[in-house]
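The next block holds one structure in the form of structure tokens; read it before the comments.
The values are calculated or read from the model by the stated rules, or taken from the named source; none is laboratory data. These numbers come from a predicted model, not from an experiment. When we count neighbours, we look across all protein chains shown, and the Cβ atoms used for this are built from the backbone with ideal geometry, even at glycine.
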Amino acid sequence: MAKEINIFLALLRELQKIDPEFPLQYAVCLAEISLDEGLSLTALSGKTGMPLSTVSRIVGALSKHRQKGTPYGLIRVTISPEERRKKELYLTTRGRAIIKGISSVIEQNADQRLRA
């Protein structure tokens, strides 16, 4: 069990590189966007089980429009070419780097488990 907790801590430390107080709801949204780039705010709300208003605020913070503090710049929001009212969500270069760091932690620990 200690190994699993250490993996969990390593993942949390990756998130703390973004911001020492990075909210878990933001991490959930970032992970969902990384798994399905181009998804809409409504789809993200459905996948996370969070209200659309909450997801909209989180997306603002993850992109360029944080209400309080500096925005994170981890995702970019674009208007759908097919439907002008639909916003599509994509990772930025910085967002990809964060996801890559998280993936590396998971891969390293999976490799160590296979060797053990």
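Does SER34 fit the bill of being crowded, with 18+ Cβ neighbours inside 10 Å, in contact (Cβ under 8 Å) with a residue 60 or more places away in the chain and of a type in the set (Ser, Thr, Tyr)?
Considered against the rule, which asks whether it is crowded, with 18+ Cβ neighbours inside 10 Å, in contact (Cβ under 8 Å) with a residue 60 or more places away in the chain and of a type in the set (Ser, Thr, Tyr), SER34 comes out as yes.
Every residue in region 55-97 that is of a type in the set (Val, Ile, Thr), surrounded by 11 or more Cβ atoms within 10 Å (Cβ to Cβ) and assigned to a helix (DSSP H, G or I), please.
Result: VAL55, ILE58, VAL59.
Applying a threshold of 6 Å to beta carbon distances and a minimum spacing of six or more residues, or different chains, the list of pairs starting in region 44-69 at a residue that is without any contact (Cβ under 8 Å) to a residue 12 or more places away in the chain and ending at one that is surrounded by 15 or more Cβ atoms within 10 Å (Cβ to Cβ) and of a type in the set (A, V, I, L, M) reads SER45/VAL55. Checked against the criteria, LEU44 counts as among the aliphatic types (A, V, I, L, M), over 21 Å from GLU4 (Cα atoms) and part of a helix (DSSP H, G or I).
The conditions of being assigned to a strand (DSSP E or B) and modelled with pLDDT of 95 or more are not met by TYR26. Mind listing just one residue for me: the one in region 12-31 that is under 14 Å from SER103 (Cα atoms) and buried (at least 18 other Cβ atoms within 10 Å of the Cβ) and, of those, nearest to the chain's Cα centre (by Cα)? That would be LEU30.
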